[in-house]
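Bear in mind that the values in this text are calculations on the coordinates, not laboratory data. Keep in mind it's a predicted model, so treat the numbers as computed, not measured. A quick note on method: Cβ atoms are made from the backbone with ideal geometry, for glycine too, and the neighbour counts reach across all protein chains shown.
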Amino acid sequence: MNRFDRLSTLRVFAAAAAVLAGLPSHAQMDHDKPSTVAPTSTVFVNPRAVDDPRIGLKAGLYNAGVAAKGLEMITTIAKPAGFAPDESKIAAWEAAPAPTPPKPGQPRVAPVPAPYGTTNSDLAFQGKYVFVGNYYGVNTYDASDPAKTKLVTSMVCPGGQGDVSVYGHLMFMSVEAANGRVDCGVQGFASMEAAAAAAAAAAAAAPPPPPRAEGAPPAARPTPPPAPAEKDRVRGIRIFDITDVTKPRQIADVQTCRGSHTHTLLVDPKDKDNIYVYISGSAGVRDEKELPGCSGADPTVNPDTALFTIVVIKVPLAHPELAKIVSSPRIFTDPETGDMNGLWKGGKHGDGTQTTSATRGCHDITVYSAYHLAAGACSGNGILLDISDPVNPKRLDAVSDPNYAFWHSANFSNDGKAILFSDEWGGGGQPRCRATDPMNWGADAIFKLDGNNKMTLQSYYKMPAAQTEQENCVAHNGSEIPVPGRALHVQSWYQGGISIVDWTDPAHPVEIGYYDRGPINGNKFAMGGQWSTYWYNGYIYGSEIARGLDVMKLVPTEFMTQNEIDAANQIKFTELNVQNQPQIVWPATFITAKAYLDQLGRGDSLPAAKIASLRSAIEKAATSKKDAAKLKSMAPELEKAATTAKTPADAKRLHGLAEIMTKGGDAAPMSIASL
């Protein structure tokens, strides 16, 4: 999420806090010049759905209409007290008149926020536990029986946006709002209320601005006053000991100049003693009186500015309370001029294009340690990093896009050869999936990586069902579903629901499943919908902003068979933080083989008689060692078929199937690079 949350007083202060500087400076990175996508897109854009069952669903908080394909809801757990919507106030809010439209030159009066509780944010997983971040703290659930998922504990700790990660006995939590206190207190700071009141009084007393001339652009919004400095404020990362998961114990906080909007855990296979945290801060830079050394000055004025960087924290596993900042890499620097502000400066790309945010930091970073790569969604650019040295990441490439407003998040394909970026047009708080909205705005953009780690745009994908004016909707957080032989991505679209996209062919993504509900409120705009939707150990978990935690399972359709679902469910994580993307290696089992056969049959990539023969042989081999041994004789024919396969994906499926036949269905890991 990006901008909608700044509408509240606390978030205004958070966004306007004075800029900090003085973080450690480091040698310039070895950068390459960014490439820019041509303003006229010639790549594939998926079409808008027609007569889609998701259109026209009944509104409601808990009783909305539902349309689903390939996904089945098995339980929903409402947010607990203190986090939940105040239903007693919803009727009064609905009955309240909308603010009077402002007269020419007068400022707009913001509507009263809907009383739907505190906002659920990102998810993390460990063993049987699901950790649900929230602007007000963290709720932890026991999903040992997913259909009976239950709340274990609620930890109240305000500060937004509350993104969480877990590693061993440690839990990490992002905090960037100006009401975040070192002691997790809910009282905020009296100085903020006084400053807000003074600012409101000053605005009311100020004369109205002159009317805007016809055709003139809107005047820039005035910068709100910074949050008054407070010694007990925390903006950065909180670290908790969750040895007793029912009683999280804060053991450290690491203060940063721009707070932590999101963060990414990085586990370096070469370093067994430490883990690393990449912090993406997007709040205004803090007052130097609050955190000494912070500056938000232009880099030409202060080369130690807190802008144009990310923050790297090192966490010693033996003493996590000693976690500290170890670098602030200048990953946006122009390699030729040395300008730290070396990427997109903000604004339009030409007529008919988006107004793209300036690149002054990253919104989110996904690391893929198996390939020593990271993909950064950095406001005005998508970037690719070499993270061989976690403390000093180096930029390999950067792309911009005239159809993108705000580069938000990223996911790799399992083979590391493609990246799916998302665009949070409208900041997450606007209806951006209406029938009139372009299908390549607020969408996913899929890029292929070549042998030199350069990114080339292949296509766009956007959830295709038109949504209403009452539904905030745009691309948001998702993860990969580990079906062997395919690249499947399950993704949140806020009140646009959940969409499953097959991007095995990066140039032609196609939706194969969805789950959607009607608007939270059918009469007035209210924030809601899925923030994050992730696959974990056979189930899909969704953090719904207003209602709570959703638990779903995959069900067969013409686009996904039960064999494919079973093959995905062979993968079991002990821990999952989606932005620390794991590499999947499927076992060479008959379950995996059946999934490959279903895919080859769906694509008419083998004769039907041959597929039937292979199915029969596998069924016999599953119960007979003698028949299992016979499978080896079938492998050469499959390897030969792979050389003339219809698609690269089919070639990999045939190679994988041949390997399983050779091994006789033993559950040894496959050696090939999988999709």
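Things to note:
- Where only DSSP H runs of four or more residues are counted, the chain gives -4500 deg cm²/dmol as its mean residue ellipticity at 222 nm, each run worth -39500 (n - 2.57).
- Rounded Å value of the spacing that divides the Cα centres of the range 141-196 and the range 561-609: 36 Å
- For F559 and V510, the difference between the fully extended length at 0.36 nm per residue and the C-alpha to C-alpha distance is 16.6 nm.
- The phi-based Karplus calculation (6.51 cos²θ - 1.76 cosθ + 1.60; θ = phi - 60°) puts the 3J(HN,Hα) values of the range 537-547 at 6, x, 9, 9, 10, x, 8, 8, 4, 9, 8 Hz, whole numbers, x for Gly and Pro.
- Sorting 532-545, 57-70 by their mean Cβ neighbour count within 10 Å, with the most densely packed peptide first, gives 532-545, 57-70.
- Centre-to-centre separation between the Cα atoms of the range 491-548 and those of the range 265-309: 32 Å.
- 28 Å Cα-Cα reach of K289 towards lysines, excluding residues that sit fewer than 8 places from it in its own chain: K231, K314, K324
- Computed about its Cα centre, the charge dipole of the chain is approximately 620 debye, with only Lys, Arg, Asp and Glu carrying charge at their Cβ.
- Positive-end residue, the chain charge dipole about Cα centroid, Cβ charges, pick of F240, A323, L549: L549
- Rg ratio (alpha-carbon, reference 2.2 N^0.38 Å) - the chain: 0.97
- Rounded to the nearest 20 debye, the dipole magnitude of the range 40-174 is 240 debye, with +1 charges on Lys and Arg beta carbons, -1 on Asp and Glu beta carbons, and the Cα centre as origin.
- Computed E for D86/K448 - FRET, C-beta separation, R0 41 angstrom, nearest 0.05: 0.30
- Whichever lysines have a C-alpha closer than 30 Å to that of K640, once near sequence neighbours (fewer than 8 apart) are set aside: K417, K448, K594, K610, K620, K625, K626, K630, K632, K652, K663
- Residues whose placed amide H lies under 5 Å from that of N381, excluding near-sequence neighbours: W407
- Basic side chains Lys and Arg get +1 at the Cβ, acidic Asp and Glu get -1 at the Cβ, and with that the dipole of the range 427-498 about its Cα centre reaches some 160 debye.
- Share of pairwise Cα-Cα distances greater than 23 Å in the range 77-173 is 42 percent (whole percent).
- Range of Cα positions in the range 590-672 per principal axis (Å), largest first: 33, 28, 20
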